[in-house]
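Enquirer: To start, I am sharing the structure in question, which I have written as structure tokens.
No value in this document is a laboratory result; all are computed from the given coordinates. All figures in this text were calculated on a predicted structure; none of them were measured in a lab. Cβ sites come from the backbone with ideal geometry, for glycine too, and all protein chains shown count toward neighbours.
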Amino acid sequence: MTDAPPAASPRLSVLWKTLEEPLQGTDAPLPTRLARAAVSWTGARRGALYIRDKENWVCAGLAGADAESLEPPESSGAAAIAPREGISWVPLAAEGEIHGRLVLEGLSSEDAAELVPFLSVVLGGLLGAHRYSRQVKEADFEVRTRLVELESLYDFGLSLVGQLDLASLADEVLFRSISLTDAGKGTLVLFHEDGRLMLERSLGGQLLEAQEFASWRLPEGEAVINNAAASVPTAGARLTSCAKCLAVPISVSGRRLGVLAVADKESRVGGVLDFTPADARLLSLFANQAAAAIETARLHRAAIEQERIERELELAAAIQREILPRSLPEIAGVELAAESLPTRQVGGDYYDLFPLSRGRLGFLVADVSGKGIPAALLVSTVHAAVHLQIDEAKTITELFTRIDRHLRRYAATRKFLTLFFGLFEPDSGRLAYVSAGHNPALLVRRSGLVEALGSTGVPLGMFPGASWKEETTTLAPEDLLCVYTDGLTEAVNAQEEEFGLERLSAALGGGREKPVRELCDRVLADVAAFAREMPQYDDQTILLLRRT
Amino acid sequence: MAAERRGDVAILSTDGYINNQGGEEIARQAYAQLETGARALVLNLEKTRIVNSIGISILIEVLEKVMDRKGQLAFCGLTPTIDKTFRIMGLAQYAAIYPTEAEAVQGVASA
């Protein structure tokens, strides 16, 4: 308590003593304390203080028994001071504005005439100061709230840098959106590119079933305010768990990533307030920032996935390099060269050579369906099958039957392959072969004549119970055999022409006197020169065998 | 929400969204503690991740009430976002903010 000021007169001293406690107390709001002080000082039986709320007078303070039954003041201020049937209306004015009205009961006409003008000025000043103080506080609160919004957007932007955890990101977006719009609840959902639900976060209860969000027809790039959500559908969806809602799509370049929705904006005095265009702008800003961050996180994950795939491909390529022969066998009477160029890190082509008893040579070229890892796995299976069965099979056709059976039993997927297998006897020049749907091998005679060794059965793994026929031919000295895969003959140039069998035959014929290694390189160089910069989509494999 | 009393210091631990409902509950418990002789209040917001402007206005009312009684109010366990919000909204002008509950209790006890 502060010390009382020196009394200028006995009456003022009485006034101060009467007003001191009600005015300085903190047990009740100021309007109540003013009403009590007025009743106490004037000796009125009871009093009520009204303040204006928009167009209405609202009771803000009562003093004395049954004070609430005192009738509210009339809207006109002109007759305010005139007593009527023991009722005095006191305008509480300051700075030319009436801030409130005090209704006192039980004052005599004389007391009213003497005291009311004084009360009007003193209590009016106090009430006016109180109102201005409240208005300043409210304005200050409003300014600070806007500052929190701006800071929140700024901080949110900063927090997104390097934020790659979508769940944390979603929580951050949802919490800030609900908080800054004063919403009571909210939901955020994100979808995969194919529309499947990726993630759902809610606070205060889910607004819609997550799958319903996917079909929600929110206009692109626009926030939707529905302040009658309980009775009117929101962009086609009936929200049953809220009274008012505000929803925005989360999109990047027209691609829908998700939906952010908040509902039931709170009021300090209870009830639910309407969402405003300012709320919609704020939520849209959050949704835009979130969209950019979500897209960044998604691209990051895609990059990691791509890196993982590339690592797998490199590993598979390393395995496949082990499958292909590191060197070619030295067989008397035979000159050999082979090359395989995969179009990806790993391919679906496979060649192999097997030095056999009595100076014979087994060799094969295979082309499996598909590309990449699945093709490489099948190549690996074929490699295992051939190496397991080659010593067991008595004939080439039996070898094919065994490989076919092995594939059906162990291959992970229902794939097939073409395979040319030759068994060459250098001493006699006899070549026995079976071709399971493979491109015709080319036999280039010393004279330059080219013969095609066509398919002798269907591709392996294609039809259950299939069989293959063995054919034979003889290679004279200097005759050249070329077994290849279709990646070579089907290599295309910018005019979409294929390299073709004719160009291959010509290349082989033109260089038939060169060492086979040199010829092998030349053929591949011719194919590359033909295709120039055009990307090729199939592996290219060539195996050359010349009888010396 | 949990309440604990250590002498004339009351510790209120909030839980969840401090909005109209959450704020009213804090105010109710805070006023009850003041009525029963608490001189200082420590609000531990460790389990709260979200506060809206209605909740803040109620916290300001609680702060004013504590100041009217010449008491102390301190906050602890704030997330960085809530910490910043309280500082901008002016709560930190009259109420101390501490990282932990122990520091807050010690702070208001020695004030």
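Enquirer: How far apart, in nm, are the 7 Å Cα→Cβ label points at A:Ala113 and A:Ala129?
Expert: Computed distance between label sites A:Ala113 and A:Ala129 equals 3.1 nm.
Enquirer: Positive end of the dipole of region A:134-287, charges at C-beta (+1 Lys, Arg; -1 Asp, Glu), about the Cα centre: which of A:Val161, A:Pro219, A:Gly254 has its Cα farthest in that direction?
Expert: Comparing the listed Cα positions along the dipole, A:Pro219 ranks first.
Enquirer: Between beta-carbons, use under 13 Å as the cut-off and find the net charge around B:Met1, counting Lys and Arg +1, Asp and Glu -1. If you can, show how the numbers build up before the last one.
Expert: Working: positive: B:Arg28, B:Lys47; negative: B:Glu4, B:Asp15, B:Glu24, B:Glu25, B:Glu46.
Net of charged neighbours comes to -3.
Enquirer: What ranking do A:322-328, A:170-176 get when scored by the average of other Cβ atoms within 10 Å per residue, highest first?
Expert: The packing order, highest mean first, is A:170-176, A:322-328.
Enquirer: Oh, and also: How far, in degrees from 0 to 90, does helix B:101-110 lean away from the longest principal axis of the Cα atoms of chain B, to the nearest 10?
Expert: 40 degrees
Enquirer: On a straight-distance basis, which aspartates and glutamates could pair with B:Lys70 in a cross-link, Cα separation under 17 angstrom, same-chain partners fewer than 8 positions away excluded?
Expert: Output for B:Lys70: A:Asp27, B:Asp8, B:Glu35, B:Glu61.
Enquirer: Placing +1 at every Lys and Arg Cβ and -1 at every Asp and Glu Cβ, with all other atoms neutral, what dipole size does chain A have around its Cα centre, in debye to the nearest 20?
Expert: On the way: 56 positive and 75 negative charges, 163 e Å.
In total the dipole reaches around 780 debye.
Enquirer: A further question on this structure: What's the magnitude of the charge dipole for region B:2-110 around its Cα centre, counting Lys and Arg as +1 and Asp and Glu as -1 at the beta-carbon? Answer in Debye, nearest 20.
Expert: On the way: 11 positive and 13 negative charges, 30 e Å.
About 140 debye.
Enquirer: Taking Cα atoms of region B:2-110, Rg/Rh with Kirkwood Rh, to two decimals?
Expert: Numbers: Rg = 12.2 Å, Rh = 13.3 Å.
Dividing the radius of gyration by the Kirkwood radius yields 0.91.
Enquirer: Right, here's the next one. For the cross-link pairs B:Lys47/B:Lys84; A:Lys137/B:Lys65; A:Lys185/B:Lys47; A:Lys371/A:Lys394, which exceed 21 Å when the distance is taken from alpha carbon to alpha carbon? Could the numbers behind the result be given before it?
Expert: Numbers: B:Lys47/B:Lys84 17 Å; A:Lys137/B:Lys65 16 Å; A:Lys185/B:Lys47 18 Å; A:Lys371/A:Lys394 32 Å.
Flagged as over cut-off: A:Lys371/A:Lys394.
Enquirer: So how tilted is helix B:20-35 from the main axis of chain B? Cα-based, degrees 0 to 90, rounded to 10.
Expert: Roughly 10 degrees, rounded to the nearest 10.
Enquirer: OK, next. For region A:232-328, count the residues as N, evaluate 2.2 N^0.38 Å, and divide the Cα radius of gyration by that value, please. Could you put the intermediate results ahead of the total?
Expert: Working: Rg = 24.7 Å, N = 97, 2.2 N^0.38 = 12.5 Å.
Normalised Cα radius of gyration, region A:232-328: 1.97.
Enquirer: In peptide B:53-62, what is the residue-averaged number of other protein chain Cβ atoms found within 10 Å of each Cβ? Let's see the in-between values first.
Expert: Details: counts 12, 7, 4, 5, 5, 1, 0, 2, 1, 0.
Whole-number average of other-chain Cβ neighbours for B:53-62 is 4.
Enquirer: Can you check what the net charge comes to around A:Ala476, using other residues whose Cβ is under 10 Å from the Cβ of A:Ala476 (Lys, Arg +1; Asp, Glu -1)? It would help to have the intermediate numbers written out before the result.
Expert: On the way: positive: A:Arg445, A:Arg446, A:Arg547; negative: A:Glu478, A:Asp479.
Local net charge: +1.
Enquirer: How crowded by other chains is A:141-147, given as the mean number of beta carbons from other chains within 10 Å of each beta carbon?
Expert: On the way: counts 6, 1, 1, 8, 7, 1, 3.
For this peptide, the per-residue mean of nearby foreign Cβ atoms is 4.
Enquirer: Take the alpha carbon atoms of region A:284-335, find their center, do the same for region B:17-76, and report the distance between the two centers in whole angstrom.
Expert: 57 Å
Enquirer: Based on the alpha-carbon gyration tensor of the protein assembly as shown, what equivalent-ellipsoid semi-axes (square roots of 5 times the eigenvalues) come out, in whole Å, largest first? All intermediate terms of the calculation are to be shown ahead of the outcome.
Expert: Details: eigenvalues 1878, 115, 74 Å².
One finds semi-axes of 97, 24, 19 Å for the protein assembly as shown.
Enquirer: Return the inverse of the average 1/r over all pairs of distinct C-alpha atoms in region A:161-300, which is the Kirkwood hydrodynamic radius, in Å to one decimal. Could you put the intermediate results ahead of the total?
Expert: Details: mean 1/r = 0.0677 Å⁻¹.
Evaluated on region A:161-300, it is 14.8 Å.
Enquirer: Based on the mean of other beta carbon atoms within 10 Å per residue, what is the order of A:519-531, A:360-372, most packed first?
Expert: Values: A:519-531: 17.8, A:360-372: 22.0.
Result, highest mean Cβ count within 10 Å first: A:360-372, A:519-531.
Enquirer: Whole number please: convex hull volume per residue, Cα atoms of region A:324-547, in Å³.
Expert: Working: hull volume 25.2 nm³, N = 224.
It is 113 Å³ per residue.
Enquirer: log10 I(q)/I(0), Debye, Cα-only region A:391-432, no solvent, q = 0.18, 0.20 Å⁻¹?
Expert: Here the Debye-derived log intensity ratios amount to -0.63, -0.72.
Enquirer: Within a 10 angstrom radius of each residue's Cβ in B:82-94, how many Cβ atoms of other chains show up on average? Whole number is fine. Before the final figure, lay out each step's value.
Expert: Numbers: counts 1, 0, 4, 8, 1, 3, 10, 6, 4, 1, 0, 0, 0.
That works out to 3 on average.
Enquirer: Is region A:323-432 best put as rounded, prolate or oblate by its Cα gyration tensor, with a ≥ b ≥ c the root eigenvalues, rounded for a/c under 1.5, and otherwise prolate when a/b is larger than b/c, oblate when not? Provide the component values of the computation, followed by the final result.
Expert: Values: a/c = 2.51, a/b = 1.42, b/c = 1.76.
In terms of gyration-tensor shape, oblate.
Enquirer: Output the 0 to 90 degree angle, nearest 10, between the alpha-carbon long axis of helix B:80-89 and the longest principal axis computed from the alpha carbons of chain B.
Expert: For helix B:80-89, the angle is close to 80 degrees.
Enquirer: Under 13 Å from the Cβ of A:Thr456, count the other residues' Cβ atoms, weight Lys and Arg +1, Asp and Glu -1, and hand me the total. Please report the intermediate quantities before stating the final value.
Expert: Details: positive: A:Lys469; negative: A:Glu470, A:Glu471.
With Lys, Arg at +1 and Asp, Glu at -1, the net is -1.
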